[in-house]
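Presented below is the structure to which this report refers.
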Amino acid sequence: MPVSERALRRVPVGLAALALLACVAGCTGDDEPTDADPTATPTTETAVPLKVRVDRVKGDLTPVSRKRVVRGIEESLQRYLDGALLGSYPRSEFALARFTEGAERGARGDLDLLTGRVFRGAESVTPRQLKAMLSVLAPDGRPAGATAKVRFSLDVDGIPVVVAGRLLLTPQKGTWRIFGYDVSSNASDAAAAGGES
């Protein structure tokens, strides 16, 4: 599928971010989440849950810590999806939930890439596949950062739309926050078909 938009945005957050970027380069696998069965037709949005799993760990994580990391990142990614891509359409409000303050400021120019704003006039947006594979940086057994290799496949008024790439996360005040992204999207295909500008 052709990619019509791409962006790379990273907001430094100190030494943890630098170490995480090293982890991104060194421990993110080449496995690409595969498309869901194209013949499957979920009846509601909840028919396709977000699936998050740990693919790589640089450092050490106990099974309990691993589950806690997955739960925390899953919750943050779901909040992002709900605010940015899923929900009732047509709509006019989009949010970058769980982005850090700096990343959210930097991402304001990429809302058409990161959210459904470009197809805001759609009649329906249905998730087909929501997957994230995690590479976690855990020096001394403590999670310090993670890279989520994501693939969010949607059906927008019958047109397949995919947002895929990497979201960089850091633990901040008890929650995981997105501080950078390197994603691509073909959302403008749906906008062109629907006549959105």
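Here, each number is a calculation from the coordinates, and none is a lab measurement. These numbers come from a predicted model, not from an experiment. Please note: Cβ atoms are built from the backbone with ideal geometry, for glycine as well, and neighbour counts cover all protein chains shown.
Peptide packing for 105-114, 63-72 was compared via the average number of neighbouring C-beta atoms within 10 Å per residue; ordered from the highest value, the list is 105-114, 63-72. Ordered by the count of other Cβ atoms within 10 Å of each Cβ, fewest first, Tyr80, Tyr89 give Tyr89, Tyr80.
The lysines whose alpha-carbon is closer than 20 Å to the alpha-carbon of Lys51, local same-chain residues fewer than 8 away aside, are Lys67, Lys131, Lys149.
Modelled label positions at Arg68 and Glu93, each set 7 Å beyond Cα in the direction of Cβ, lie 3.4 nm from each other. Annotation: amide H of Val57 within the under-5 Å range of Val136, sequence separation 5 or more or interchain, hydrogens built in the peptide plane. Averaged over residues, the count of other Cβ atoms within 10 Å places the peptides 137-144, 165-172 in the sequence 165-172, 137-144, highest first. Peptide packing: for 154-163, 179-188, the average count of neighbouring Cβ atoms within 10 Å per residue gives the ranking 179-188, 154-163, highest mean first.
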